[in-house]
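Each remark here refers to the structure printed beneath this line.
The values are calculated or read from the model by the stated rules, or taken from the named source; none is laboratory data. This is a predicted model, so every value here is computed, not measured. Methodologically, a virtual Cβ is constructed for each residue, glycine included, from the backbone with ideal geometry; neighbour enumeration extends over all protein chains shown.
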Amino acid sequence: MLCLLTMLVGQARTQSDALPTATSQSTDAATIEELTTKVDALEKKTTTWDKIAAHLPHVSGYIQLRYQWDDAKESSFSVRRARLDFKGDIAPKLDYRLQVEFASKVQIVDAYVQYKPFRQLNLKVGQYKVPFSIENTEYVPLKFEFIEYPMALRKLMGFSEVIGGETLSATGRDMGLTLYGGFGKRDGRNWITYDLGVFNGSGINTADNNRSKDVVGRLALHPAKGLTVSGSYYWGEYGKAYLQRRRYAAGICYDRGAVVVRSEWVGGTTGIAATDDAPANQLHSDGWYAMLGWRALRSLMPVARYESFYADSDRRASTRQTNYTAGLLWQPLKQLRLQANYTYEEYAAAKHKNVVSVMLTGIF
């Protein structure tokens, strides 16, 4: 009897001890389920925000402040560039860019959409850099080693180009569309790349002023890492007088590791409108440059450039200008660049000139 009572009490205690354990397990399960629900809701919110954020533009920009002195007449501080840049994705293979300039006057410099379905064939539509030459295509201001682009590019590709008595100040850009792509991919690079574009020919933020469209083509070979061999051709007609505008460029560039070496020749034929004193004519111009840069330190790069330009190739002796430039590029931070250039300008028919330029770039 005593044994039976002992067994019953033991069973009761066992059942009593088991009851809180079951309740605890039930509570823990409810807590875990509640936490899981909260985590799922949080993940859903995060995913939704990620989707929204993915379609928001990435905003960046930079400001370039320059001081320039020469022994002829100039000594001036100026805001060289002040730009805001908006980039984003519309769809997996569709993106856009809007870049606005605020220096001197507010204007759009880049506004385009790109559709990139294949490595071999892509489409860009809008306003952007004309795919002509190595420097105009691949060396934007934040990558370019000097303060000024070479004369041949500035005088023949819309930086300060004179056509029909008008100065085309288009920063090397125009409005149009371009097909581009690459072939022969190996070691992470395309061995051959191409650009084929159609443009207004009248510069940035300007409607075409004739019924003709300008055509540009560029072919580049990349036989080794860092090495580019490029050829460009531009055909166009400018203004209501349909003045001829032909441009040609050939160049080579090696940019890898501590060394950058680059040289290009640019030539062109520009129509001259008839006047009361002279019939319509054609002006032939050409020039070339060679530069060398050495990344002595991670943040320090001395550079040098020789360039020569003939405003009238038929009168080479009297229209030649030769520039010798030595410079230093210091970038202690990703967001900060300091450039100093000294240029000796040698003129065939004018007094030679010394020019000193210093430019500070803040990037955000």
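Please go through region 59-114 and pick out each residue that is surrounded by 14 or more Cβ atoms within 10 Å (Cβ to Cβ) and outside any strand (DSSP E or B).
The answer is Phe102, Ala103.
Could you check how many residues of region 182-202 are out of contact with any Gly (no Cβ under 6 Å at 6 or more places or on another chain) and on the phi > 0 side of the Ramachandran plot?
Adding up the residues that qualify gives 3.
Considering every residue within region 167-178, establish whether at least one is outside any loop (DSSP other than H, G, I, E, B), of a type outside the set (S, T, N, Q) and under 19 Å from Ser285 (Cα atoms).
Of the residues in region 167-178, the ones outside any loop (DSSP other than H, G, I, E, B) are 167-168, 173-178.
Then drop every residue that is not of a type outside the set (S, T, N, Q), which leaves 168, 173-177.
From what's left, under 19 Å from Ser285 (Cα atoms): 168.
Checking region 167-178: at least one residue is outside any loop (DSSP other than H, G, I, E, B), of a type outside the set (S, T, N, Q) and under 19 Å from Ser285 (Cα atoms).
So which of Leu292, Leu297, Leu283 ends up being under 14 Å from Pro150 (Cβ atoms) and outside any helix (DSSP H, G or I)?
Of Leu292, Leu297, Leu283, the one residue that is under 14 Å from Pro150 (Cβ atoms) and outside any helix (DSSP H, G or I) is Leu292.
Among the residues in region 204-223, are any in contact with an Asp or Glu (Cβ under 9 Å, 6 or more places away or on another chain), on the phi > 0 side of the Ramachandran plot and not aromatic (Phe, Trp, Tyr)?
no
For residues in region 300-321 being exposed (fewer than 15 other Cβ atoms within 10 Å of the Cβ) and not aliphatic (A, V, I, L, M), which is farthest from Ala250 (Cα to Cα)?
Ranking the qualifying residues of region 300-321, first place goes to Ser318.
Is at least one residue of region 218-237 of a type outside the set (Lys, Arg) and free of Cβ contacts under 8 Å to residues at least 12 places away in the same chain?
Checked region 218-237: at least one residue is of a type outside the set (Lys, Arg) and free of Cβ contacts under 8 Å to residues at least 12 places away in the same chain.
Give region 126-157 a look and list any residue that's assigned to a loop (DSSP other than H, G, I, E, B) and either under 18 Å from Arg83 (Cβ atoms) or charged (D, E, K, R) (or both), or say none.
Tyr139, Val140, Pro141, Leu142, Lys143, Phe144, Glu145, Ile147, Glu148, Tyr149
Does Ala311 count as of a type in the set (A, V, I, L, M, F, W, C) and touching a residue at least 24 places away in the same chain (Cβ under 8 Å)?
Details: of a type in the set (A, V, I, L, M, F, W, C): yes; touching a residue at least 24 places away in the same chain (Cβ under 8 Å): yes.
It is true that Ala311 is of a type in the set (A, V, I, L, M, F, W, C) and touching a residue at least 24 places away in the same chain (Cβ under 8 Å).
Which one of the conditions (1) surrounded by fewer than 19 Cβ atoms within 10 Å (Cβ to Cβ); (2) out of contact with any Ser or Thr (no Cβ under 8 Å at 6 or more places or on another chain); (3) not polar (S, T, N, Q) does Pro150 fail to meet, given that it meets all the rest?
(1)
Considering only residues that are outside any strand (DSSP E or B) and of a type in the set (Lys, Arg), look in region 115-125 and name the one that is nearest to Thr361 (Cα to Cα).
Checked region 115-125; the qualifying residue nearest to Thr361 (Cα to Cα) is Lys116.
Which is free of Cβ contacts under 8 Å to residues at least 60 places away in the same chain and among the small types (Gly, Ala, Ser), of Gly182, Gly197, Gly165, Gly201?
So the residue among Gly182, Gly197, Gly165, Gly201 that is free of Cβ contacts under 8 Å to residues at least 60 places away in the same chain and among the small types (Gly, Ala, Ser) is Gly201.
How do the pairs read when you match residues in region 342-364 that are over 15 Å from Ala326 (Cβ atoms) and without any contact (Cβ under 8 Å) to a residue 60 or more places away in the chain with residues anywhere that are among the hydroxyl-bearing types (Ser, Thr, Tyr) and loosely packed, with under 14 Cβ neighbours inside 10 Å, using Cβ under 6 Å and keeping only pairs 6 or more apart or on different chains?
If the second residue must be among the hydroxyl-bearing types (Ser, Thr, Tyr) and loosely packed, with under 14 Cβ neighbours inside 10 Å, the pairs left are Ala348/Ser318; Ala349/Ser318.
Checking Asp314 against (1) of a type in the set (Asp, Glu); (2) over 30 Å from Arg256 (Cβ atoms); (3) modelled with pLDDT of 95 or more, which test does it fail?
(3)
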